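Enquirer: Take a look at the following structure, please.
The values are calculated or read from the model by the stated rules, or taken from the named source; none is laboratory data. All figures in this text were calculated on a predicted structure; none of them were measured in a lab. Methodologically, a virtual Cβ is constructed for each residue, glycine included, from the backbone with ideal geometry; neighbour enumeration extends over all protein chains shown. Accessible surface is based on the protein model in full, side chains and every heavy atom, while ligands, DNA and RNA are left aside. Shrake-Rupley method; radii C 1.70, N 1.55, O 1.52, S 1.80 Å.
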Amino acid sequence: MIHHIELYVSNLTQTKQFYDFLFAELGAVVYQQWPNGISYQFEKEYIVFVQVEAAYKQPPYHRKHIGLNHLAFQVADQQQVDHLRKKLLTRGVSELYADAYPFAGGSNHYAFYVVRYKLLDNDDGAFSPALFYQHPLDHSKK
């Protein structure tokens, strides 16, 4: 149903560094690239990140403002969520709902929520990704 998603970001370099790593881990490939943007393809769909023009940079993005809250990416299993969480935390991301990991989204959502990523000195609070594995879970055995 969705052909592509296009997001304007305040720091394309930072966004590209983060998603180059994450999307490679998830099996996506760079689809298009130009001086002010990049897109990554997953099967038939793709996602585009474009550098916002200076005139539109304020107010900065915040996930609780009207509009996009986060992007949720489906992963293969719980082990992939755990693996990516560990790798992303070592790369400088901040975790949202860390005290409720991995069930912050409810008992059927094994998920890691990223509140922001900081790969450069400029932390611009770019779009927040989440990694999800969803199925009926019985975590009473944990």
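Enquirer: I'd like the carbon and sulfur percentage of the solvent accessible area for the chain, probe radius 1.4 Å, heavy atoms only, ligands and nucleic acids excluded.
Expert: In the chain, the share of accessible area belonging to carbon and sulfur is 52 percent.
Enquirer: If you don't mind, another one. Using a 1.4 Å probe, what is the accessible area per residue for the stretch 1-104, in Å²?
Expert: Accessible area per residue, the stretch 1-104: 63 Å².
Enquirer: First measure r as the distance between the Cβ atoms of A98 and F42, then evaluate 1/(1 + (r/R0)^6) with R0 = 30 Å and state the FRET efficiency to the nearest 0.05.
Expert: E between A98 and F42, to the nearest 0.05, is 0.65.
Enquirer: Any idea what the dipole of the chain comes to, in debye rounded to 20, about its Cα centre with Lys/Arg Cβ at +1 and Asp/Glu Cβ at -1?
Expert: Taking the Cα centre of the chain as origin, the dipole is about 240 debye.
Enquirer: Here is a follow-up. Assuming a viscosity of 0.692 mPa s and a temperature of 37 °C, what translational diffusion coefficient in µm² per second does Stokes-Einstein assign to the stretch 3-97, Rh being the Kirkwood radius over Cα pairs?
Expert: Answer from the Stokes-Einstein relation: 223 µm²/s.
Enquirer: Amide H of G105: which non-local residues (sequence gap of 5 or more, or other chain) have their own amide H closer than 5 Å, using H built in the peptide plane?
Expert: HN-HN under 5 Å from G105: A111.
Enquirer: Expressed as an acute angle from 0 to 90° and rounded to the nearest 10, what is the orientation of the C-alpha long axis of helix 12-26 relative to the principal long axis of the chain?
Expert: Orientation of helix 12-26: about 40 degrees from the principal axis.
Enquirer: Here's a follow-up. Modelling each spin label as a point 7 Å along the Cα-to-Cβ direction, I'd like the W34/K87 distance in nm, to one decimal.
Expert: 3.0 nm
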